[in-house]
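Taking it in order: structure first as structure tokens, then the write-up.
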Amino acid sequence: MLYFSKLRILFITLFSVLFILIASSNLFKFDDNFFDKKINLGLDLQGGSYLLLEIDNEPVIEQKLQNLTTTIRNYFKEKNIKINNIKIDNQNIFFNVTDNDKQSVLDVFQDENSDLNPYYPRFKSHQLEIEDTGLNLKVNFSRQGLIKLKNSSQDQAIEIVRRRVDEVGTNEPNILKRGNNRILVELPGLDDPMRIKSLLGKTANLTFRFVTNDENDRFGVEKLKFENGLEEATVSKRIIISGENLLDAQPKMDTQTNQTIVSFSLDRVGAKRFGKATSTGIGKQLAIVLDGKIISAPVVRDTIASGSGQISGGFTFQTATDLALLLRSGALPAPLEIIEERTVGPDLGQDSINAGMIALAIGFMLVIIFMFVKYKIFGLITNVTLIVNLFILLGVLTLFEATLTLPGIAGIILTVGMAVDANVLIFERIKEELKDETNNILAFDGGYTKSRTAILDANITTLLAAIILFFMGSGPVKGFAVTLGVGIFTTLFSVYFIARLFTSIYVSRNKNKEKLI
Amino acid sequence: MIAFNKYYNHFNLLSSVLIVVSLLLLIFKGLNFGIDFKGGTLIELRASDSKINVSSLRDRFNQMDLGDVSVKKFGNDTDFLVKFENKDNKKNIIEEIKANLDKSFGNNYDFRRVENVGPKVSAELLKSGVIAISLSLALMLIYIWIRFEWQFSLGAILALFHDVIVTLGVFSLFSLEINLSIIAAVLTIVGYSMNDTVVIFDRVRENLRKYSDIKIFELTNISINETLSRTIITSATTLLALLAIYFFGGEILKGFSLAMILGVVFGTYSSIYIANTVLVRLRVSQKTVLREDDQNKLN
């Protein structure tokens, strides 16, 4: 027990030195090619914004059901099956069938190869569920169908969110899925999230539609408000071109009118349709509608065949830039709501770092002085172990590029306080052994073996708490769980390797000393 | 040797009273949940103008129709913490507030931190906090059950409940805010309290095997004394570290470190005066441990 082989001593020394080097790489700049890992600072320390967005899938479901009614109607028309009175109510489609046709309709919905109602073999479920309520049938999305729909709208939304955030150009944004209807956006270093918040709050659904007074318009009409909220216009539901047809959009200064405008260019399909519409619609007003509000409704004066055009609407340069950005990055499949926001300014972050470091330094000093006063030489050993332990802990965090948060720093300080426990358990045990044992080396051995279960128990209980925190906690609290959990392992290592090495050297040199501790 | 066992009954009574009072507080006064668990908006504001103070800020915010607004100093004279419910979950509330404050205070203030938690999220956070604490208590129960005889498990778990309930009781009494970091503190307290109890129990069990003629009443006292030096040093260093966080770690960590300090104090106390007295009251003897040892051998 007392004996440490040369190889083992070498290993312990190298290991400790290695981690001290790794830990110090956070302070000094090494060559990046050689070693470029660093502890990440959490948003609460470096400042930044944390936004949790929830996708409102209701409109998507409504839209899909709307499309489905058309599909269902056409499908059965082709098959010469009569269905009528098809309508949507509370996310269900209802329609009537005749007694003769009922079974064939049910069969279509339950057919595993049906192209009307896709079947997911993996989940043993159709996209749609049909409920037999007499001659009136009810169709709605199955559980799997809804999950698929939510997943796909989340996939689309995260892509758009990423494009918008990238366009604003913050450094290293972190955009992640949460569940199947949420998106987490972390924006380090962002002081004022208002612009991004307002950009993410817009669906950016752009359409060009004619203003009409024809109540009998084939596609139906709707009354829409202008952006200023005062005027109104009746607009056809027929969409000439939409945001999907845009290739590019840029803010520009119109040299003639001295107004800020957004100029856009269209893809081939869009250009064709735009050209056709402007040639037939000369003299008519073309409404440019964004998210259900009319930005402007200029009168068509000429055929525009070039596939490019411009939107004016009393923009400032900022609003024009934002609109262009939104148009370039595309429309969200569904509206997003910010359900949680946490923003920390950079100076508060720096203050937190400073306070954390001061607390760490003071806590460390207090513990070290206390241990030395209380334990003398063994206190010294504990203190050296503590210092190495701290470096190894920081080294491990660096190696895994863990995120350090303010509670994480608290976790490190707490680890310093609790790390002495194992050493104290051992030293106290050695003391007790020395009461009946005159041989220092045997007492030393006994101290280590007999304290082992208590140390193990004690650390496992703390580790369990840390693990639960890691999985249940969010953001900053997770950082606490990480440092606390990693701290347990580094503490055990430094107690059983480093402290024991020093203790064994001390004991073997003082084999016959009367009062060892 | 200190006669801890002389006061077993006194402290049991005290603990019972503490638990009952804490439970009554928790039931009738309840906890002061922060926006993490209640939803709402929090703004930490730093002023560079002495015109900005608690009352002028309160006046301003009360005019904005935000529901219940609380304005407090935060650490020093220039920092303030403003909290309100934001019941309608208004979207651009922060911009509106800024525009409004600009009118009265100009540019002499700065938002250092803004947190906005919607009602859905706060409900989820509360749920996961409760699950986390319950789960950790359950895991500790299972762990201690595997490691020790049932009498010991009961003692450890009672001590654990005592620490958690009394700590929360103190938070209720002084209306201290419960937020996410307090949940972290409570979980750590659970770990620490268990740790402390297990160390003494380990010794009790060892002594039970060693001495057949000493009654548990005496034996627990011997074990407490034998481990006392360790108990004092570990809780002292842990408390030193926590005090450093409390006094120097900044305002944000105050609640967290206070909860931990309370937890460590209660945890140390309960290992001695709750966990051990359960063993005494259940008349644990050498047989209890040996029976289990035999069973383990058979298995």
Query - Prolate/oblate/rounded label for the range A:58-146 (Cα gyration tensor, a/c 1.5) - result: oblate
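Which entries of A:237/A:284; A:197/A:252; A:197/B:90; A:223/A:293; A:102/A:148 have Cα-Cα distances beyond 18 Å here?
A:197/A:252; A:102/A:148
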Query raised in the report: Dividing the convex hull volume of the alpha carbon atoms of the range B:40-117 by its residue count, what do you get in Å³ per residue?
Result: 78
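Using Cβ counts within 10 Å as a stand-in for footprinting exposure, how do A:365, B:1 rank, fewest first? Can you show the working numbers first?
Details: A:365 12, B:1 9.
Ascending number of Cβ neighbours within 10 Å: B:1, A:365.
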Query - Unit charges at the beta carbon, dipole of the range A:206-342: most positive-side option, A:310, A:279, A:213 - result: A:279
Query raised in the report: Roughly how many nanometres apart are two label points built 7 Å out from the Cα toward the Cβ at residue A:7 and residue A:232?
Result: 8.9
Report summary line: With a ≥ b ≥ c from the Cα gyration tensor eigenvalues, square-rooted, and the rule rounded for a/c under 1.5, otherwise prolate when a/b > b/c and oblate otherwise, the range A:301-368 is prolate
Query raised in the report: With Cβ to Cβ distances under 15 Å as the rule, what net charge do the other residues near residue A:411 carry (K, R +1; D, E -1)?
Result: 0
Query raised in the report: Assuming a viscosity of 1.306 mPa s and a temperature of 10 °C, what translational diffusion coefficient in µm² per second does Stokes-Einstein assign to the protein assembly as shown, Rh being the Kirkwood radius over Cα pairs?
Result: 50
Report summary line: Going fewest to most other Cβ atoms within 10 Å around each Cβ, A:123, B:105 line up as A:123, B:105
Query raised in the report: Going down the list A:431/B:210; B:72/B:120; B:98/B:254, which pairs span over 24 Å between their C-alpha atoms?
Result: B:72/B:120; B:98/B:254
**Report entry** Qualifying aspartates and glutamates (Cα of each under 15 Å from Cα of residue A:177; at least 8 residues distant if same chain)
**Finding:** A:54, A:56, A:155, A:159, A:186, A:337, A:340
Report task. Would you tell me the mean number of C-beta atoms belonging to other protein chains that fall within 10 Å of each C-beta in A:334-340, as a whole number? Result -> 4
Query raised in the report: Among A:46, A:330, A:72, which residue has its Cα positioned farthest towards the positive end of the charge dipole of the protein assembly as shown, with +1 placed on the Cβ of Lys and Arg, -1 on the Cβ of Asp and Glu, and the dipole taken about the Cα centre?
Result: A:46
Query raised in the report: About the Cα centre of the protein assembly as shown, what is the dipole size in debye to 20, counting +1 per Lys and Arg Cβ and -1 per Asp and Glu Cβ, all else neutral?
Result: 1440
Report summary line: Relative contact order in percent for chain B (Cα pairs under 8 Å, 6+ apart) equals 25
Report task. Provide A:496, B:8 in ascending order of the number of other Cβ atoms located within 10 Å of each residue's Cβ, fewest first. Result -> A:496, B:8
Query raised in the report: Quick one: putting +1 on the C-beta of Lys and Arg, -1 on the C-beta of Asp and Glu, what dipole do you get for the range A:206-342 around its Cα centre, in Debye to the nearest 20?
Result: 560
Query - Average other protein chain Cβ within 10 Å of Cβ, residues B:124-133 - result: 3
Query raised in the report: If you average 1/r over every pair of different alpha-carbon atoms in the range A:301-453 and take one over that average, what Kirkwood value in Å do you get?
Result: 21.7
Query - Charge tally in the Cβ shell below 14 Å around residue B:132, where Lys, Arg are +1 and Asp, Glu are -1, residue B:132 excluded - result: 0
Query - Bins of 5 Å, starting at 0 and running to the largest distance - Cα pair percent for the range A:223-370 - result: 2, 8, 13, 16, 16, 11, 5, 4, 4, 4, 4, 4, 3, 3, 2, 1, 1, 0, 0
**Report entry** Packing-based order for B:14-25, B:158-169, using average beta carbon neighbours within 10 Å, highest first
**Finding:** B:158-169, B:14-25
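Any read-out appearing in this document is the output of simple, stated calculations on the displayed coordinates, not a laboratory observation. These numbers come from a predicted model, not from an experiment. Note that we place each Cβ from the backbone using ideal geometry, even for glycine, and neighbour counts take in every protein chain shown.
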